[in-house]
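Asker: I have a structure here, written as structure tokens, and I will follow up with some questions on it.
Just so it is clear, none of the values below were taken in a lab; they were calculated from the coordinates. Just so it is clear, the model here is predicted, and its values are computed rather than measured. Every residue, glycine as well, gets a Cβ built from its backbone with ideal geometry; the counts of neighbours run over all protein chains shown.
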Amino acid sequence: GQQVMQIPQYQHVQEGEDFTTYCNSSTTLSNIQWYKQRPGGHPVFLIQLVKSGEVKKQKRLTFQFGEAKKNSSLHITATQTTDVGTYFCAGRTGNQFYFGTGTSLTVIP
Amino acid sequence: NAGVTQTPKFQVLKTGQSMTLQCAQDMNHEYMSWYRQDPGMGLRLIHYSVGAGITDQGEVPNGYNVSRSTTEDFPLRLLSAAPSQTSVYFCASSLQASVSGANVLTFGAGSRLTVL
């Protein structure tokens, strides 16, 4: 069945360092979405990528969708303590969303 | 707008007991879904619905039932709770599932369930 894997599972960085999480799907995706979940909270939508090779930026966050539409990445430049949380990718096939296992980011001040 | 409302926030059950997790949205969303979140497993889809009267199974449907009698409500029923169902449950909705731009998921605050 559909599988969406994310690496790494955990990442600790010093404040100001960069951070990247990678998302890989076993099948081609219609689109990819990214969500952020703060500790104790619920997932909140960040962005959606639809086109092959698409790159989108939100301030210090850069999102990429692979050419084959089977992988994606989220890169944060110069992390801040407000970036703490778990980042999930989610791929859609038909009416089902498949979430990655998530990357938990800790930012050390 | 309240968004997606889940109740209860916390629940402790004994093995074999039944209960219903409630989910309501006031955004006129056609698509509603239930996920469970376990450490290291991400969010796994239990059941989903693309509209009133229509439900379907996700990745991990065993032990759970759903119904969708109205657009607003999508309750999740555990008929005979088991310790393996200890988890955090999230309800999420979107305007539609299959239309890019209309399929952004809005999550409820979650329900933490412990089965002893």
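Asker: Give me the distance in nm between label points sitting 7 Å out from Cα along the Cα-to-Cβ direction at A:Gln80 and B:Leu79, one decimal.
Answerer: The two pseudo-label positions are separated by 5.1 nm.
Asker: Further, regarding this structure: How crowded by other chains is B:97-106, given as the mean number of beta carbons from other chains within 10 Å of each beta carbon?
Answerer: Numbers: counts 5, 6, 0, 8, 3, 0, 8, 6, 9, 4.
So the per-residue partner count for this stretch is 5.
Asker: Going by how many other beta carbons lie within 10 Å of each one, how would you line up A:Ile47, A:Ile32, A:Ile76, fewest first? Don't skip to the answer; put the middle values down first.
Answerer: Details: A:Ile47 15, A:Ile32 28, A:Ile76 22.
The most exposed by this proxy come first: A:Ile47, A:Ile76, A:Ile32.
Asker: Kindly provide the Kirkwood hydrodynamic radius of chain A in Å, to one decimal, from all pairs of distinct alpha carbon atoms.
Answerer: Details: mean 1/r = 0.0725 Å⁻¹.
Result for chain A stands at 13.8 Å.
Asker: Now, a different point. Compute the distance in nm between two label points, each set 7 Å from the Cα along the Cα-to-Cβ direction, one at B:Ala109 and one at B:Asn28.
Answerer: Each label point is offset 7 Å from its Cα along the Cβ direction, giving 2.7 nm.
Asker: Which order do A:Cys89, B:Cys91 fall in if you start with the one that has the fewest other Cβ atoms within 10 Å? Each step should come with its number before you reach the end.
Answerer: On the way: A:Cys89 32, B:Cys91 28.
Going from least to most buried by this count: B:Cys91, A:Cys89.
Asker: What relative contact order, as a whole-number percentage, does segment B:1-87 give when Cα pairs under 8 Å and 6 or more residues apart are counted? Kindly include the intermediate steps, with their values, before the conclusion.
Answerer: Numbers: 174 pairs, mean separation 27.3, N = 87.
Relative contact order comes out at 31 percent.
Asker: Here's a follow-up. Could you list the trypsin sites (Lys or Arg not before Pro) in segment A:46-109 that lie in coil according to DSSP, counting only those with at most 15 other Cβ atoms within 10 Å of their Cβ?
Answerer: On the way: sites: A:Lys51, A:Lys56, A:Lys57, A:Lys59, A:Arg60, A:Lys69, A:Lys70, A:Arg92; in loops: A:Lys51, A:Lys59, A:Arg60, A:Lys69, A:Lys70.
Sparse-neighbourhood loop trypsin sites (Lys or Arg not before Pro): A:Lys51, A:Lys59, A:Arg60.
Asker: Compute the distance in nm between two label points, each set 7 Å from the Cα along the Cα-to-Cβ direction, one at A:Glu15 and one at A:Arg38.
Answerer: Output for this residue pair reads 1.6 nm.
Asker: Follow-up. Ranking A:His75, A:His42 by Cβ neighbours within 10 Å, fewest first, what do you get? Numbers along the way, then the final one.
Answerer: Values: A:His75 15, A:His42 19.
Ascending Cβ contact count within 10 Å gives the list A:His75, A:His42.
Asker: May I pose another question? Looking at the protein assembly as shown, I'd like the Rg to Rh ratio, where Rg is from alpha-carbon atoms and Rh is Kirkwood's inverse mean 1/r. Write down the numbers at each step before the final one.
Answerer: On the way: Rg = 17.4 Å, Rh = 17.9 Å.
Across the protein assembly as shown, the Cα-based Rg/Rh ratio is 0.97.
Asker: Once phi is turned into ³J(HN,Hα) by the Karplus curve 6.51 cos²θ - 1.76 cosθ + 1.60 with θ = phi - 60°, what whole-Hz value does each residue of segment A:92-109 show in order, with x for glycine and proline?
Answerer: After applying 6.51 cos²θ - 1.76 cosθ + 1.60, I find 10, 10, x, 9, 10, 9, 10, 8, x, 6, x, 10, 8, 9, 10, 10, 8, x Hz.
Asker: Which of A:Phe88, A:Phe99, A:Phe45 moves the most in a Gaussian network model of chain A with Cα springs under 10 Å?
Answerer: Its mean-square fluctuation being the largest, the pick is A:Phe45.
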